[in-house]
Structure formats: C-alpha cells, structure tokens
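Okay, structure first, notes after.
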Amino acid sequence: MSIRVVASNFVREENVAEYLKLAAEIVEKTNALDAGCIIYSLNRSKQNPLEFAMIEEWETDDALAKHMQAAHFTDIIPKLNALCDPGKGGIAIYEKVY
C-alpha cells in the first residue's frame, strides 16, 4: 500500500514569490532524486490563493522517511516554513485503502 501526504501551508502574501521559487526547487529535486517517490507536487487552493498544499505519494513509509532526511528536504523545508503563517496548515499522512 502506498503512503500519501498532504502538507498544507498558509503563505504570507509578501512571501508568495519566494515560496514558489523554493517550492519549485524541492519539487524538482524530490521527483528527480528520491527513490520511492510516486507523486510530489505543489498545489494552490482555488478558494484561497495564499494556501498551498504539497501532495505526495510514496511507495513505502521508508521512502518517505528517507525523503525527510534528504539534504534538499532539510535545507529547503525550514526556509519554506519561515515564509508561512505560524500555527496554520499542517501535515496529514494517509495509507491508501483502495
């Protein structure tokens, strides 16, 4: 069964351009470098242009864990988080049922 992740963030309006730049980098690197990555994409809410979600699918829990230890993750994610409203958003991890 695959693992799916939805990581949502609310970006401060003045930081959207920088957020998009950094997000493009992590999406590109994750899709190119991380074994077990099925889908890794940035998505923008149609209701709120300041809400973004990284939607991910991984072959296994181990593949997700290795991604979270990868240099591009540990470098870029703190920078992305610094551009967001603290206390908003979150991470949900799901296991595919059907």
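The values are calculated or read from the model by the stated rules, or taken from the named source; none is laboratory data. Here the structure is a predicted model, which is why all the values come from computation and not from measurement. When we count neighbours, we look across all protein chains shown, and the Cβ atoms used for this are built from the backbone with ideal geometry, even at glycine.
Among residues of region 31-69 being more than 11 Å from the chain's Cα centre (by Cα) and among the polar types (S, T, N, Q), the one that is surrounded by the fewest Cβ atoms within 10 Å (Cβ to Cβ) is Gln47.
Does Asn9 fit the bill of being of a type outside the set (A, V, I, L, M) and in contact with a Phe, Trp or Tyr (Cβ under 7 Å, 6 or more places away or on another chain)? So Asn9 passes the test. Scanning region 21-30 for residues that are in contact with a strand residue (DSSP E or B) (Cβ under 8 Å, 6 or more places away or on another chain) and surrounded by fewer than 15 Cβ atoms within 10 Å (Cβ to Cβ) yields a single hit, Ala24. So is Pro78 at pLDDT below 95 and closer than 23 Å to Arg12 by Cα or not? It is false that Pro78 is at pLDDT below 95 and closer than 23 Å to Arg12 by Cα.
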